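Some notes on the structure that comes next.
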Amino acid sequence: MDGLTTVLWQPAVSIIVLLTASLFIWVIGEKGEKAVTAISASAITAALLFLAPLSPYVLAGHVQVIRYSILPPFGLSFRVELLSISLALLFLFTGLVLTFYTGAYPLESGKRRFRTVFLFVLACSVGVVLAGDLLSLFLFFEAMSLSFFILVIHNREQETISATFKFLYMTIGGSVMYFIALAAVFNQAGELAWRDGGIMTAGGPYTLLAFIGFVVAFGMKAGMFPLHLWMPDAYGQAPAPAVTLSSMIMLKTGAYGILRITHHIFGIDLLRDVSWHNYVLVLAVISILYGSSCAFATRDLMRRLAYSGIAQLGYITLGITMLTPDALTGGVYHIMAHAMMKGTLLLCAGAILAKTGKRNIDDLAGIGWKMPFTMICFSIAALTAVGLPPMNIFISKWHLGLGALDAGQPLLLVVLLISSMLNAAYYLPIAIAAFFGERNHDLHEKLSWDRLPLGMSLSIVVLTVGCLAFGLGQINIPLQWARAITAGFFY
Amino acid sequence: MNYLPMAAVLTPFAFALLMAVLGRDRSYVRNILALTGSFITFLITLVMLPLLRTDGWIYSSGKFLSSPITISFGADSLSVFFAVIFSFCYLMAIIYSFGYIAHSHAINRYYTLMLITLGAMMGIVLTPSLVGLFLFFEVYAVAAYLLVIHEEDEFAMAAGALFLYTAVAGGLFIFFGLATTYFMAGRVDFFHGGYMSANPLSAAALFAFLIGFGVKAGMFPVHIWLPEAHPAAPAPFSALLSGCGIKVGIYGLIRIIFDVYGTETVRAVSFDKVLLILAVVTILFGSALALQQDHLKRRLAYSSVAQIGYVLLGVALLNERALFGALFHIFSHALMKGTLFLCAGAIITQTGKKYVSELKGIGREMPVIMLSFTLAAITMVGIPPFNAFISKWHLALASLESGQAILVAVLMVSSLLNALYYFPIVIKAFLSDKGGVEVPLSFGGEISSGMLWTTALMALLCVGFAFIQPHWPVMMASDIASSFFK
């Protein structure tokens, strides 16, 4: 591919296509459900088709920064490289799956608003990973966070509104911290673009300030303890497709941000020097244990999945902050593995919620006989979450574990295993009670429809296959990509 | 013949798939599929028997799954030894199930899971690396869980939950050991003599393996699932849990000690001493608790704890004679305890009696079953020249050779306890009259023929090998033991 000489147009065009489509959905309004799904799906597919052909180019190790001199004073820039392209493809793919699910999901009102914002958030999240510098990232990051607010508040009930305001204030707090960090970086380095090995040269109070600012801003998005407070409430209140969008895509932008600043703003040499990454590492460990314990304690299905997300994002952050190649491979792979696993669980939980109106785990005994397909997929994803080989999460835990040993921290491996045990303790009983033992007979009368709509069942199947397929094949392409990404960072 | 290990693993899985698809409605289809699947697997393992005389591994070509969990199939003499025992016990249990499970619910699920657990068992022993072992280990845990909760009553669900969570926890300990082994040595295959060096991290991994495999083996103090799961599971699967399931843990420990760490490293971190102490406690604890149980299957389950202690003892002494004793005891215990559980299942099916105190005069109602029980019990106590005598004899000699005379006393005390908790059952069954009424002896028609003759055959094998020359199992076990100490 002769991409080296020509300026790549794909990132900008992909995002423009997505944004235009979202505008278009607003315009055609409530007229046709199917038309809205078709427009969203074709826009996302178009973006996928634009970006996917770049993969041989980026896999070969090429990097291109594309700068547009709009938005003074720094301009807008995109960076095409393996990490950003692979995450963008992942986001677009999961977004496509979610589009079909959302199209079939029974939202009570405000479908037009929901679908518009949904696509807008997706466009911005793709922008976040494709952005070529801190300021471009900030732009997309803010747009994504603030518009997600509209999805959370969708139901407009009293509890929803208080949950949403918690989310909003925390987001704004995160933005302020990001802004401070941005200023501190510019003051120290005189530039804002990603660079291998980092742009910060020395550790000082301003550098520390920048580090704290970024960790707060991205950590909040990634649900890192103690900045996770918005998550369980928002998950408890938002409609299932919004929760899934957040879990599969938005949370990952937080982890992505931490990865970027670790390697491309501060640089591992500097961080090893000043050991600040260890603070984040400790927070990640607390997130893992705290999230798993809270998930175990709560009986609300959606909140349980939210707390579990806090723990799972802790894995990714842990993989990044251990600063060893294996751990980073595990962390990057976990971004994909978690998207598939948690996506399946959330979509199944959403289907249960929509069909039965039940969210308390104790009410779900015997549901497997009413919704066999949904609960089989749920069970597969639950076994994946526990880390049984050969499913995805085993592969990420394996690399994280090797990374922990490599970093001389066998205890971190123990933390991972304790968390796996807790995963088993809070996921498996749901799957077991769904099929075996006493059944909740009350459940069998209140069903709002017989079969799941095609869009919902199809998207659940695709994600379940995503949990299983990569480990079963001869060649694990996501793992190869994760290794290649890691190799780029630990040159 | 290098395709055989792979065929032995994949055959049961293929039949499980067929069972799930075709076995929904018709019972004869289920029976034919289950019988054919387990019989073919047994035949394949028999054809592999000549491997016992070769050194090293025979590999099936072809690798499955992607890095880091690439698995391949292969067999050495130890694998074949286990594979033959396991597949034979499964064959017997499946034939027995035709009668036992016929009136139960979810029969299709039952047979599918039986075949899956058989495949997982074959996978555990017929793969030449820890990764494959671990993978099939987890498959086995999930499928076996579903068999334990077959009844789906409150008792079975609670027992199953304990089984599942201890299995998952054990799996995570193995994961720790596996990751550490890979990190330190860069390999996870099996190699006589081992390759791990002694340091704190490798010692931690070794003890993690001990806990992980100990859970499966029913070693004290992580045996807790065993006395719950055995009574809850359907009788044929109880027989398999004791006859085969707990042996998987022993298989793992043997591989870890001799093929991954090597005896020198094991001694260097004092692992053998810890294992020896645990073995002794397991023997005495299991026997003592078995004595207190009135529930028949629970008594048999605690007896299994004690018996697995013998095997652990044999492994822990780290010499050739002791390992021979351990291997031979695996063989003899599989037959003995298989017989006893099949008898217990027959009694429950026929009379609904679950407690030892209810079994007065049962020998007159079910003479063949109780004669089988008697043969297995006599063997279990260690009366010469039957199977368990041979293993106890060699374990005792090995204890003396390694200068631990006290262990002989432990073995004798345990044998005495064995007698104390098995013989009263036999005596009451035949000699005491039932509530003052003399029940006439009635042969025939006691239970369905499949259940009857599988139980009887297992019982005859417990004692029969003593009268066959040459004694094949002894030769096999001693060949294997010597291959580890070359």
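The values are calculated or read from the model by the stated rules, or taken from the named source; none is laboratory data. Computed from a predicted structure; not experimentally measured. Cβ atoms come from the backbone with ideal geometry, glycine included; neighbour counts cover every protein chain shown. With ligands, DNA and RNA removed, areas are computed over all heavy atoms of the protein, side chains included. Shrake-Rupley method; radii C 1.70, N 1.55, O 1.52, S 1.80 Å.
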How much of the pair distance distribution for the protein assembly as shown lies past 45 Å, counting alpha-carbon pairs only, in percent? 36
Dipole size in debye (nearest 20) for chain A around its Cα centre, Lys and Arg Cβ +1, Asp and Glu Cβ -1? 680
When ligands, DNA and RNA are left out and all protein chains stay put, how many square angstrom of accessible area per residue does segment B:71-130 have with a 1.4 Å probe? 15
Inter-probe distance in nm under a simple model that places probes 7 Å from Cα toward Cβ, at A:Val274 and A:Trp369: 6.2
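Kirkwood Rh and Cα-based Rg: tell me the resulting Rg over Rh for segment A:281-491, rounded to two decimals. Intermediate values should be presented prior to the final figure.
Values: Rg = 17.6 Å, Rh = 17.5 Å.
That ratio equals 1.01.
Hey, any idea what Rg/Rh is for segment B:1-75, computing Rh the Kirkwood way over Cα pairs?
Values: Rg = 15.1 Å, Rh = 13.9 Å.
Answer for segment B:1-75: 1.09.
Could you tell me what % of all Cα pairs in chain A have separations over 37 Å? Show your work: numbers first, answer last.
Values: 25818 of 120295 pairs.
Above the 37 Å cut-off, chain A has 21 percent of its Cα pairs.
Loop-only GluC sites (Glu not before Pro) in segment A:119-218, please: DSSP not H, G, I, E or B, and at most 14 other Cβ atoms within 10 Å. Kindly include the intermediate steps, with their values, before the conclusion.
Details: sites: A:Glu142, A:Glu157, A:Glu159, A:Glu191; in loops: A:Glu157, A:Glu191.
Those satisfying the criteria are A:Glu157, A:Glu191.
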Charge dipole of segment B:4-484 about the Cα centre (unit charges at C-beta), most positive-ward option of B:Ala290, B:Ala346, B:Phe134: B:Ala346
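How large is the charge dipole for segment A:281-491, taken about the Cα centre, if only the Cβ atoms of Lys, Arg (+1) and Asp, Glu (-1) carry charge, to the nearest 20 debye?
Numbers: 13 positive and 9 negative charges, 56 e Å.
Using Cβ point charges on Lys, Arg, Asp and Glu, segment A:281-491 gives about 260 debye.
Rank B:Thr374, A:Thr321 by accessible area, highest first, at a 1.4 Å probe radius? List each step's numbers first, then the result.
Numbers: B:Thr374 25, A:Thr321 5 Å².
Sorted descending by solvent-accessible area, the residues read B:Thr374, A:Thr321.
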Within segment B:463-481, list the residues whose amide N lies under 12 Å from a label point set 7 Å along Cα→Cβ of B:Thr54. none
On a 0 to 90° scale, report how tilted helix A:325-356 is relative to the longest principal axis of chain A, with both axes built from alpha carbons and the result rounded to the nearest 10. 30
In degrees, nearest 10, range 0 to 90: what is the angle between the Cα axis of helix B:367-381 and the longest Cα principal axis of chain B? 40
Dipole of segment B:4-484 (Lys/Arg Cβ +1, Asp/Glu Cβ -1, origin at the Cα centre): which of B:Ile427, B:Cys89, B:Leu416 lies farthest to the positive side? B:Ile427
Cα centre as origin, Lys/Arg/Asp/Glu Cβ charges: the protein assembly as shown dipole, Debye: 760
So the carbon and sulfur contribution to the accessible area of the protein assembly as shown, 1.4 Å probe, in percent, is 67
Would you mind checking segment B:302-320 for residues with the amide N under 19 Å from a putative spin-label position 7 Å along Cα→C-beta of B:Lys273? B:313-319
Give me the count of lysine pairs in segment A:281-491 whose alpha carbons sit under 13 angstrom apart, restricted to pairs 8 or more positions apart or on different chains. 4
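Loop-only trypsin sites (Lys or Arg not before Pro) in segment B:1-61, please: DSSP not H, G, I, E or B, and at most 14 other Cβ atoms within 10 Å. Write out the running numbers ahead of the final one.
Details: sites: B:Arg24, B:Arg26, B:Arg30, B:Arg53; in loops: B:Arg24, B:Arg26.
Of the trypsin sites (Lys or Arg not before Pro), the ones in loops of segment B:1-61 whose Cβ has at most 14 other Cβ atoms within 10 Å are B:Arg24, B:Arg26.
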For chains B and A, what's the summed buried accessible area, probe 1.4 Å, to the nearest 100 square angstrom? 2900
Compute, for A:Trp481, the solvent-accessible surface of its heavy atoms (probe 1.4 Å) with the complete set of protein chains present, and express it in square angstrom to the nearest 10. 50
Between the Cα axis of helix B:296-316 and the main Cα principal axis of chain B, the angle (0 to 90°, nearest 10) is 30
Counting only DSSP loop positions in segment A:1-79, the trypsin sites (Lys or Arg not before Pro) whose Cβ has at most 14 other Cβ atoms within 10 Å are A:Lys31
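How much mean residue ellipticity at 222 nm does the protein assembly as shown get from its helices, if each DSSP H run of length 4 or more adds -39500 (n - 2.57) and you divide by all residues, to the nearest 500 deg cm²/dmol?
-24000 deg cm²/dmol
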Ordering B:Arg255, A:Arg195 by how much accessible area each has at a 1.4 Å probe, largest first, what is the list? A:Arg195, B:Arg255
For chain B, the spread of Cα positions along each principal axis, largest first, Å: 69, 56, 46
